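This report refers to the structure that appears directly beneath it.
The values are calculated or read from the model by the stated rules, or taken from the named source; none is laboratory data. Given the structure is predicted, the values throughout are model-derived calculations rather than measurements. Glycine also receives a Cβ, built like all others from the backbone with ideal geometry; neighbour counts cover every protein chain displayed. Only protein heavy atoms, including side chains, enter the accessible area calculation; ligands, DNA and RNA are left aside. Shrake-Rupley method; radii C 1.70, N 1.55, O 1.52, S 1.80 Å.
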Amino acid sequence: MAEKDLPTYRKIADELRTLILLGKLRAGEKLKSENELKDQYDTTRVTVRKALALLKADGLLISEQGRGVFVRPRPNVQMLTTGANFRERRDTGVSNFNAEAAAQGLRPEQRISSVETVPAPPDVAERLGVADGAEVIVRRRAFFVNDEPMQLVDGYYPAALFAGTEVTEARRIRGGVSRLIEDPDGPIGQRITHFVEDLEIRMPTPAETDALKIPPGVPLARVLRTAHTSAGQTVEVLDSRVPCDRHVFRYVIDVP
């Protein structure tokens, strides 16, 4: 449809969207009132409301009761994944998420929701190479930046390998589970040499929408990351759910 044929509310929404994406309307900035926008665009309040509703559905605007409509803050975190920074950060005991967020001047936090032993879900069992329903230990965590929820991460580990270790305890593990896997005196004692990541884009479930404060219309990225050791053993599956409006991922792939 040509721009001249677009309904008025779409033209208003497109203009405001452009101002937001160009940074001319900044995150947290309050928009003009419906009456002011009505006069600015020489239209009706109903038309203005339809334009604002479209931008709210796109996750660009939020309404605050009694205060007005604001450009939605988006605390983006750029995630750089390389073999070198994985190894460096594992040795320092700082997770990649925390290190990347802190380097960008943000305040990261990880909260453990629960640690339990459960039957392996089919997609996790397939990646771990265990039978459907085999016992796995799952560590459920929520990641925050500046107190805003950024992602949900469930780590799955074969119970046959990790029973009785720190993995079963509802507390942080210095250096993460990868440090425990590579510890010569640990239950595995092997170096992690290979990751496989499967990416799925879908709409969030109601529970994910609530936990991550995802606005209407914003999809979710689900990343299943499987870790393999030097001996070819599969030791971990991380199931991460990430709102698509607040992350940038970069993967550096060295091709020999």
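Using a 1.4 Å probe and counting only protein heavy atoms, arrange D58, D245, D123, D132 so the residue with the most accessible area comes first. It would help to have the intermediate numbers written out before the result.
Details: D58 70, D245 10, D123 45, D132 115 Å².
Solvent-accessible surface, decreasing: D132, D58, D123, D245.
Once the C-beta distance of C244 and E135 is scaled by a Förster radius of 22 Å, the resulting FRET efficiency is 0.10 to the nearest 0.05. Subtracting the Cα-Cα distance of Q104 and T168 from 0.36 nm times their residue separation leaves 19.8 nm of extension gain. Extension gain, S33-A53: 0.36 nm per intervening residue step, less the Cα-Cα distance, totals 5.8 nm.
Could you compute the FRET efficiency for Q233 and E126, with r as their C-beta to C-beta distance and R0 at 22 Å, rounded to 0.05? That pair, Q233 with E126, gives E of 0.90. Sparsely packed loop sites in region 147-183 (the trypsin sites (Lys or Arg not before Pro) outside DSSP H, G, I, E and B with at most 11 other Cβ atoms within 10 Å) comprise R171, R174.
Which is the longest run of the chain containing none of the GluC sites (Glu not before Pro) found in DSSP loop states (not H, G, I, E, B) with at most 16 other C-beta atoms within 10 Å?
On the way: sites that count: E29, E169.
With GluC sites (Glu not before Pro) excluded where exposed in loops, the chain gives 30-168 as its longest stretch.
Of all DSSP-defined beta bridges confined to the chain, some 90% are antiparallel rather than parallel.
Could you tell me what percent of the accessible area of region 162-244 is made up of carbon and sulfur, with a 1.4 Å probe and every protein chain present?
Of all accessible area on region 162-244, carbon and sulfur atoms account for 52 percent.
Quick one: what do you get for region 122-256 if you divide its Cα Rg by 2.2 N^0.38 Å?
In units of the 2.2 N^0.38 Å rule of thumb, it is 1.12.
Could you give the accessible area per residue of region 129-216, probe 1.4 Å, as a whole number in Å²? Intermediate values should be presented prior to the final figure.
Details: 4450 Å² over 88 residues.
Per residue, region 129-216 has an accessible area of 51 Å².
Mean sequence separation of contacting Cα pairs (under 8 Å, at least six apart), scaled by the length of the chain, corresponds to a relative contact order of 18 percent.
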